[in-house]
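A.B. asks: Got a structure for you, written out below as C-alpha cells; questions coming shortly.
The values are calculated or read from the model by the stated rules, or taken from the named source; none is laboratory data. None of the values given here were measured: they were computed from a predicted structure. Quick reminder, even Gly has a Cβ in these numbers, built from the backbone with ideal geometry, and neighbours come from all protein chains shown. Quick note on the areas: whole protein, heavy atoms, side chains included, nothing else; ligands and nucleic acids left out. Shrake-Rupley method; radii C 1.70, N 1.55, O 1.52, S 1.80 Å.
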Amino acid sequence: MYFSPYLMSLRNKIFICRSDITKIAVDAIVNAANSSLLGGGGVDGAIHRAAGRKLLEECKEIGGCNTGDAKITHSYNISQIKAIIHTVGPNIHSKVTERDEKLLTNCYWNSLQLAKKNKLSSIAFPCISTGIYSYPNDSAANVAMRTVKRWLETNDNASKMRAIVFVIFTEVDYKIYRKTLPKVFPSS
Ligand code: ADP
C-alpha cells in the first residue's frame, strides 16, 4: 500500500483521547452549546461549571448563536486553555436530513475557522450533537473527521494548527472513533 506523505502529515495532527474535555490542555476547547448560549446539560454544563459564572456573563453579552455557527469566549477558571469556542449542533428529532448533516459540518468547520482567526494552534472537540441532540454516533463521527480532514487540506498551510483532538466521553464513541480514523486517514 502507498502511504502518501501528505496525508500522513495531516494524520499526525489528529488525536483521539478518552477524557473530560474540561481537563484537556489545548489552546481552545469546543463547547456543544445550545442556541441561547446560557448553559445546559452534558458537556455544556461541565464547561460552565468548570469555567465559572463569568463565562455565563460573557455568553449573555454575546446574545446567542445560530445552529452551525461558532462564537469565542475567554476560558476563565479553565486555566490551562486560552479560549472556549461555542458551537450549536443540530437537534435530531427523527431522521437525520441533509440539512442536519450540513449544519453539523458547519459546527466543525466554523470552529476551526474561528481558531485560525484567533491564531490558536490546538483545539479539542467533543462529539457534537451526539448526546441530548441525538445525532447517530456513527454518522456524527464520520462528519467530524471528514470535515476536519477537508479543513486541514484547505487550511493547513495558512493556519498554525498543530493538533486537533477528539475528546471522547463514552465507550461507544471511543470504539467508533478508533474505527473511523483509519478509514478517513487511510495512510495511518
Ligand atoms: P449535544 O446537545 O450537542 O448532543 P451533549 O453535551 O448532550 O451535547 O453531548 C455531546 C457529547 O459530549 C456526548 O458525546 C457526550 O457524551 C459528551 N460529553 C458529555 N460531557 C462531556 C465532558 N465533560 N467532556 C467531553 N465530552 C462530554
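A.B. asks: Does ILE84 fit the bill of being under 25 Å from GLU171 (Cβ atoms) and among the hydrophobic types (A, V, I, L, M, F, W, C)?
C.D. replies: Criteria not met by ILE84.
A.B. asks: Further, regarding this structure: Would you call ASP138 within 13 Å of the ligand (Cβ to nearest atom), open to solvent by 40 Å² or more (accessible area, probe 1.4 Å) and part of a helix (DSSP H, G or I)?
C.D. replies: When the stated conditions are applied, ASP138 passes them.
A.B. asks: How many residues are under 23 Å from LYS116 (Cα atoms) and in a helix (DSSP H, G or I) when one looks only at region 141-171?
C.D. replies: 15
A.B. asks: Something else now. Among VAL43, VAL30, which is the only one that is touching a residue at least 24 places away in the same chain (Cβ under 8 Å), in contact with a helix residue (DSSP H, G or I) (Cβ under 9 Å, 6 or more places away or on another chain) and part of a helix (DSSP H, G or I)? So that I can check it myself, show each step before the final result.
C.D. replies: Working: VAL30 fails: part of a helix (DSSP H, G or I).
Result of the check over VAL43, VAL30: VAL43.
A.B. asks: Same structure, new question: Which residue pairs have Cβ atoms closer than 6 Å, lie 6 or more positions apart in sequence or on different chains, and pair a first residue in region 117-131 that is within 26 Å of GLY41 (Cβ to Cβ) with a second residue that is of a type in the set (Phe, Trp, Tyr) and within 9 Å of the ligand (Cβ to nearest atom)?
C.D. replies: So the pair list comes out as SER129/TYR135.
A.B. asks: Test of understanding: among ILE164, ILE128, ILE85, which residue is within 13 Å of the ligand (Cβ to nearest atom) and at pLDDT 95 or above?
C.D. replies: ILE128
A.B. asks: Scan (1) under 24 Å from LEU10 (Cβ atoms); (2) open to solvent by 60 Å² or more (accessible area, probe 1.4 Å); (3) touching a helix residue (DSSP H, G or I) at 6+ places or on another chain (Cβ under 9 Å) for the single condition LYS71 breaks and write down its number.
C.D. replies: If we test LYS71 against (1) under 24 Å from LEU10 (Cβ atoms); (2) open to solvent by 60 Å² or more (accessible area, probe 1.4 Å); (3) touching a helix residue (DSSP H, G or I) at 6+ places or on another chain (Cβ under 9 Å), just (1) comes out false.
A.B. asks: Further, regarding this structure: Taking the options ILE128, ILE92, ILE85, ILE132, name whichever one is surrounded by fewer than 17 Cβ atoms within 10 Å (Cβ to Cβ) and of a type in the set (A, V, I, L, M).
C.D. replies: Values: ILE128 fails: surrounded by fewer than 17 Cβ atoms within 10 Å (Cβ to Cβ); ILE92 fails: surrounded by fewer than 17 Cβ atoms within 10 Å (Cβ to Cβ); ILE85 fails: surrounded by fewer than 17 Cβ atoms within 10 Å (Cβ to Cβ).
Within the list ILE128, ILE92, ILE85, ILE132, the selection yields ILE132.
A.B. asks: Then there is this: I'm trying to understand the selection: among the residues of region 24-67, which are near the ligand (Cβ under 8 Å from one of its atoms) and either over 24 Å from ALA144 (Cβ atoms) or open to solvent by 50 Å² or more (accessible area, probe 1.4 Å) (or both)?
C.D. replies: Once the filter is applied, which keeps residues that are near the ligand (Cβ under 8 Å from one of its atoms) and either over 24 Å from ALA144 (Cβ atoms) or open to solvent by 50 Å² or more (accessible area, probe 1.4 Å) (or both), region 24-67 yields only GLY42.
A.B. asks: Quickly run through region 111-125 and pick out the residues that are more than 11 Å from the ligand (Cβ to nearest atom) and open to solvent by less than 50 Å² (accessible area, probe 1.4 Å).
C.D. replies: Of region 111-125, the ones more than 11 Å from the ligand (Cβ to nearest atom) are 111-123.
Scanning region 111-125 gives SER111, LEU112, LEU114, ALA115, LEU120, SER121, SER122, ILE123.
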